[in-house]
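The values are calculated or read from the model by the stated rules, or taken from the named source; none is laboratory data. A quick note: this is a predicted structure, and the numbers were derived from the prediction, not measured. Positions of Cβ are generated from backbone atoms using ideal geometry, with glycine treated the same way; all protein chains shown enter the neighbour counts.
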Amino acid sequence: MHTVIRVLVEVLIVIGLSRLLGLAFKAIKQPLVIGEIVAGIMLGPSVFGLVAPSLAANIFPSETIPFLNVLSQVGLIFFMFLIGLELNPKYLNSQLETAVLTSHVSILVPFSLGTLLAVLLYPLVSNSGVSFTAFALFLGAAMSITAFPVLARIITENNLQGTRLGTLALTCAAVDDVTAWCLLAVAIAVAREGSIVGAFPIIMASLVYIGFVLTLGRWFLQRLATQYERTGRLSQSLVALIYMAVVASALITEQIGVHLIFGAFLLGAAMPKNADLVRALAEKTEDFVLIFLLPVFFAYSGLRTQIDLLNRPELWALCALVLIVAIAGKYIGTYVAARVSGINDREASALGWLMNTRGLTALIVLNIGLDLGVISPVLFTMLVIMALVTTFMTSPLLEWTYPKRLIRLDVVEADLAVQTDQETFDDKEYKILVPVANPSTQKGLLQLAVAIARNNQQSAIVHPLSLIELEEDYGFESTPVEANRLIAQRRQQLEELTNTLEPPITRAYVHPIVRISSNVARATAQIANIEQPDLILVGWHRPAFSNNRLGGRVGQILSTAPVDVAVYIDRGGNRLESLLVPYSANIHDDLALILALRLLINRDTCMLRILQVVSENPLVDELSYELHTMMRQLPSSVRDRIHIEMIAAPKPMQAVVAASESVDLTIAGTSRAWGIERQTLGQYTDQLAIECRSSLLITRRYSQVTSHLASVLPEVSIQQSAVTR
């Protein structure tokens, strides 16, 4: 087979497996990069070569490895350019003194411990001819590095970018990144020249080039940015000039004697941080680099990772020692420095775990060390394991140390206490959470939520919840700066939606919540646990691969949310003057009737029709005892607007559909009688949702203890409590 064909087949396999495992690891709340690194290792001698050695040798023959190396180096150049491009000076505006101290101590401690560890490892796992100085510098650099891109995405994923912890972690990581790359440049120079004295000319030349890029280079890049601002578009010619500058800068640093990646990183850092230019350039660059080239780098690293080299207990003991030193050095250094700077215990601990993530950045350092012959294949494998474990452990340890219920997810969010002209009561506020996918189309959903919540007897809050779903871990949109822009944009859209509500007094009840999320249904359930709403009111969205109206995310919320849920299917029209509740005496229909009663109490002009459909020879299908108790406690002004009707019909569904023609809103529980119950195979039927002539509210009750009429009718609340005990 022709070499080019072999390489293309390899790339095809690499991209497919990397994407598959990346998504699998995302599903267990791990960074995408973990799955991609594991995919690379699986394709190498550690897994594929062990299970099917002849097939592995046929698919990944030695003659194709140089081609993969070239592709991976190109990928690294442009990935480092993206890292520099995203290194925004805004990260250095907050708590800089604390961050500089914490960051430098978090480098110094693991670097020192790594140097001490080098004394033990040097005679055991180093290559012959490698100086101890170069070996110790590389080991110390691998121990002290923090993966800024991975850390930034973890912060965004956990909505920490607006908190003190998040901003401090970003600042520390940015300082750490710059310091660690400088340290690595020195290590490379020493490795190539054999001593610090011999490396001095390389170090001086590097400083001169850095000064050149930050002065004349930045002037040239600013001219390109001005051209972009003038035209308003990133033309192909402009992109070509920038890419040529990236490659030229990489070549210059390679010729100086450090490495290609430093020139690319330096140029990215020197780029003018015009938000629109950075966004446009990142979006043009990242897809091909992150989807095509970077997985090739992971595969190339995986082909060089040989776990079977750790074939003796003492080697695994050394690997464990490397891991312990790496974790302890980074965590203890960060924690102690943060505590000395006045950071509280919980935040200092969380910061320690965040700074401990190494990910792709460590992998870059390790590959450079292996290429230069400074670290042996055995030590390379140990350090790859260290990079994987420290990255894998970050998210769960962060959640354990600083759980989401303690994170102030959005510091710019308005105070949750409702300020209205109504009298303040001692009772708990009635709270509705309203997931809003598209603010421009869901006015009816929010209007209904306010109608259910607002009354003169109880304070209430309606939370429109807008979750911005980020598909890619490394996409520019998932950087903290860009995430903040998206949050501000979405918040503005929700404010515009709120300002359309009538009457204007209802707008004071509405307090938006905007979050970043990678899983809408899971995040909704988590926020429900934090906010403790009385009801989740969600709009119907047709799933992409099904006609099932209660499938997809709506079905997931129905299944997982630990609170009463109602699904609204809006047929248009703003009237809520006539309500229909088809009733079949189950807990979900009870919730439908309770919400209808709440609307009836809140709106003096509203009428309610309770429809009980029974068979030809019915047993009396009465309202539940709980609901009878409620009905007796209702004021006469409310009871007079309720009409209870029992009809005999062989097909209850058809009777309900016919009755829905004359009302504004039908409220029905998830019941087999109405064709909307979850079936044994885990699917929904939704006949009523399809055929109902009015707008439809489908209810699913979570707990019979929850009272939606508490404080509205205090005596009903007392009766309900007695019934449920």
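What to note about this one:
- Residue match in segment 509-519 (condition: closer than 16 Å to Ala453 by Cβ, part of a helix (DSSP H, G or I) and at pLDDT 85 or above): yes
- Taken as a whole, the structure leaves Leu68 outside the set of residues that are in a helix (DSSP H, G or I), in contact (Cβ under 8 Å) with a residue 40 or more places away in the chain, assigned by TED's automatic domain parsing to the domain that holds Trp316 and not aromatic (Phe, Trp, Tyr).
- Any hit, segment 340-358, residues being aliphatic (A, V, I, L, M), in contact with a Lys or Arg (Cβ under 7 Å, 6 or more places away or on another chain) and crowded, with 24+ Cβ neighbours inside 10 Å: yes
- If you check Arg6, Arg19 for being basic (Lys, Arg), in contact (Cβ under 8 Å) with a residue 60 or more places away in the chain and either touching a His at 6+ places or on another chain (Cβ under 7 Å) or assigned to a helix (DSSP H, G or I) (or both), only one passes: Arg19.
- Matching residues in segment 238-270 - criterion: being assigned to a loop (DSSP other than H, G, I, E, B) and buried (at least 24 other Cβ atoms within 10 Å of the Cβ): Val258, His259
- Within segment 462-486, the residues that satisfy the criterion of being buried (at least 19 other Cβ atoms within 10 Å of the Cβ), modelled with pLDDT of 85 or more, more than 13 Å from the chain's Cα centre (by Cα) and not small (Gly, Ala, Ser) are Val462, His463, Pro464, Leu465.
- Search result, residues across segment 211-237 that are in contact with an Asp or Glu (Cβ under 9 Å, 6 or more places away or on another chain) and either of a type in the set (D, E, K, R) or part of a helix (DSSP H, G or I) (or both): Tyr228, Glu229
- Selection status of Ala189, within 39 Å of the chain's Cα centre (by Cα), of a type outside the set (Val, Ile, Thr), in the same structural domain as Ile385 (by TED's automatic domain parsing) and in a helix (DSSP H, G or I): yes
Rundown of residues vs (1) without any contact (Cβ under 8 Å) to a residue 24 or more places away in the chain; (2) within 30 Å of Pro66 (Cβ to Cβ); (3) in the same structural domain as Leu397 (by TED's automatic domain parsing); (4) part of a helix (DSSP H, G or I), yes/no style:
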residue	(1), (2), (3), (4)
Ile291	no, yes, no, yes
Val296	no, yes, no, yes
Val336	no, no, yes, yes
Arg339	yes, no, yes, yes
Trp353	no, no, yes, yes
Ala362	no, yes, yes, yes
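- Condition check for Val14: crowded, with 21+ Cβ neighbours inside 10 Å and either touching a Gly at 6+ places or on another chain (Cβ under 9 Å) or part of a helix (DSSP H, G or I) (or both): yes
- Tallying residues that are surrounded by 15 or more Cβ atoms within 10 Å (Cβ to Cβ) and either in contact with a helix residue (DSSP H, G or I) (Cβ under 6 Å, 6 or more places away or on another chain) or not polar (S, T, N, Q) (or both) within segment 117-132 yields 7.
- Hits in segment 431-455 (condition: in a helix (DSSP H, G or I) and farther than 8 Å from Leu537 by Cβ): Lys443, Gly444, Leu446, Gln447, Val450, Ala451, Ala453
- Selection from segment 309-334 of residues that are closer than 23 Å to Gln161 by Cα and within 25 Å of the chain's Cα centre (by Cα): Lys330, Tyr331, Thr334
- Qualifying positions in segment 509-525 - buried (at least 18 other Cβ atoms within 10 Å of the Cβ) and more than 14 Å from Leu558 (Cβ to Cβ): Tyr509, Val510, His511, Pro512, Ile513, Val514, Arg515, Ile516, Ser517, Ser518, Ala523
- Residues in segment 542-564 that are over 18 Å from Val450 (Cβ atoms), of a type outside the set (S, T, N, Q) and modelled with pLDDT of 70 or more: Arg553, Val554, Gly555, Ile557, Leu558, Ala561, Pro562, Val563.
- Test: residue in segment 154-163 that is of a type outside the set (Val, Ile, Thr), out of contact with any strand residue (DSSP E or B) (no Cβ under 8 Å at 6 or more places or on another chain) and part of a helix (DSSP H, G or I): no
- Conditions (1) within 20 Å of Thr560 (Cα to Cα); (2) in contact with a helix residue (DSSP H, G or I) (Cβ under 6 Å, 6 or more places away or on another chain); (3) buried (at least 18 other Cβ atoms within 10 Å of the Cβ); number of the one not met by Thr506: (1)
- Every test in (1) assigned to a helix (DSSP H, G or I); (2) surrounded by fewer than 24 Cβ atoms within 10 Å (Cβ to Cβ) is passed by Asp176 save one, and that test is (2).
- Residues being closer than 9 Å to Pro582 by Cβ and at pLDDT below 75 - total across segment 648-687: 3
- A Cβ distance below 9 Å, combined with a sequence gap of six or more or placement on separate chains, defines the contacts here; from segment 123-138, residues that are over 16 Å from Ile196 (Cα atoms) reach residues that are among the aromatic types (Phe, Trp, Tyr) and modelled with pLDDT of 85 or more in the pairs Ser126/Phe132; Ser126/Phe135; Asn127/Phe135.
- Of the residues making up segment 197-245, those that are within 36 Å of the chain's Cα centre (by Cα) and hydroxyl-bearing (Ser, Thr, Tyr) are Thr226, Tyr228, Thr231, Ser235, Ser237, Tyr243.
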